[in-house]
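S.K.: Before I ask anything, let me first share the structure, which is written out below as structure tokens.
Just so it is clear, none of the values below were taken in a lab; they were calculated from the coordinates. Being a predicted model, the structure only gives us computed values, none of them experimental. Note: ideal-geometry Cβ built from the backbone for every residue, glycine included; neighbour counts use all protein chains shown.
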Amino acid sequence: MNWFVNPMMVGPLKEMVFEGQSSIGLNAAMGSGTPMNYMDLDPIDGFLAIAATKDQPEILVQTISPTNTYTVSVTVNPQGGGTVEGAGTYFHGEQVTLRAIPAAGYRFLSWKEGGSEVSRDNPLTFTAERDRDLVAEFEVEAQPSKTFYFAEGYTGRDVFEEYLTIMNPNSSPAQVTITYMFRDGSTQEQRITVGPTTRDTVMVNSVVGMDREVSMKVSSDLPIVAERPMYFNYKGRWTGGHVAVGAGWASLDRIS
């Protein structure tokens, strides 16, 4: 017995899941009056299926509409940070494989769902058992440069701790100039030497003082990598931190 669709043959009947049942088949009467056995059905969504017997080649027409399908949707953060393959509609129990592909200058971080990290695997594989709404997180991949800009910064007293971390991947010392820029238009310079293949850390609070809104320009005679970690502690009730890689150039475009 084969199944035919419009009227192309789709192959022997196989198992699938319909509304919690492990399999489904058709009990059609053959020409002799003997009922056909229940048989398993290959997954077909929204097609007309025609059962054929030796006496009556077309005795039953039924629309196949499986209900146990799930939608796997994926968004990308930030927009333009990369793409994802594998999103779509899947049958219950089917294996899903999502692959995150970073755009140039980005790297993949993790998968999130409902605001929480669920995995850092790439590709991510799981079994379709419910609808999924995932976010593929990417970040800018730090590339050595002679100039970095940091627009945001604050040395709030007893709340914020701001740092500048500088990595020198070269075999020679790097001469680095940090220009601090304040809200009133004034500036302050600091010069440091970062040894070959080492990292140096500057505590911005100690250099510029407390309660200062500050931006930074970091310049070097050799390509370096500069990041700005910031930590906060609000009255011991809310704590946390984040880190940002400096922009390699100033721009007229607003980044959201």
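S.K.: 7 Å from Cα along Cα→Cβ at both His242 and Thr198: what's the point-to-point distance in nm?
M.R.: 3.2
S.K.: Step through the residues of the stretch 206-214 one at a time and calculate ³J(HN,Hα) from phi using the Karplus curve (6.51 cos²θ - 1.76 cosθ + 1.60, θ = phi - 60°), rounding each to whole Hz and writing x for Gly and Pro.
M.R.: 6, 7, 9, x, 7, 6, 10, 7, 9
S.K.: Also, I was wondering about something else. Exposure proxy check: Lys217, Lys235 ranked by fewest other beta carbons within 10 Å?
M.R.: Ranking Lys217, Lys235 by Cβ neighbours within 10 Å, fewest first, gives Lys235, Lys217.
S.K.: Then there is this: How compact and how long is the stretch 74-123, expressed as Rg and Dmax of its alpha-carbon atoms in Å?
M.R.: When restricted to the Cα atoms of the stretch 74-123, Rg and Dmax are 11.6, 37 Å.
S.K.: R0 = 30 Å: FRET efficiency of Glu129 with Arg107, Cβ-based, nearest 0.05?
M.R.: Working: r = 30 Å, r/R0 = 1.00.
About 0.50, to the nearest 0.05.
S.K.: Would you kindly derive the ³J(HN,Hα) couplings of the stretch 112-125 from the backbone phi angles with the Karplus curve 6.51 cos²θ - 1.76 cosθ + 1.60 (θ = phi - 60°), listing them in order in whole Hz, with x for Gly and Pro?
M.R.: Along the stretch 112-125, the couplings run 10, 8, x, x, 10, 6, 10, 5, 10, 6, 8, x, 9, 10 Hz.
S.K.: Which far-off residues, 5 or more places away or on another chain, put their amide H under 5 Å from the one on Asn68, with H placed in the peptide plane?
M.R.: Glu19
S.K.: What Kirkwood Rh does the stretch 142-255 have if only Cα atoms enter the pairwise 1/r average? Answer in Å.
M.R.: Evaluated on the stretch 142-255, it is 14.6 Å.
S.K.: So who's got an amide H within less than 5 Å of the one on Tyr154, skipping anything under 5 residues away but keeping other chains? H placed 1.01 Å off N, in plane.
M.R.: Excluding prolines and chain starts, which carry no amide H, the hits are Val214.
S.K.: Assuming R0 = 41 Å, can you tell me the calculated FRET efficiency for the pair Thr75 and Val207, based on Cβ-Cβ distance, to the nearest 0.05? Mind showing how you got there, number by number?
M.R.: Numbers: r = 40 Å, r/R0 = 0.97.
My answer for the efficiency is 0.55.
S.K.: If you average 1/r over all unlike Cα pairs in the stretch 129-198 and invert the result, what Kirkwood radius do you get in angstrom? The partial results should precede the final answer.
M.R.: Details: mean 1/r = 0.0629 Å⁻¹.
In the stretch 129-198 this quantity evaluates to 15.9 Å.
S.K.: Which order do Leu134, Leu164 fall in if you start with the one that has the fewest other Cβ atoms within 10 Å? Walk me through the intermediate numbers first.
M.R.: Details: Leu134 21, Leu164 25.
In order of increasing Cβ crowding within 10 Å: Leu134, Leu164.
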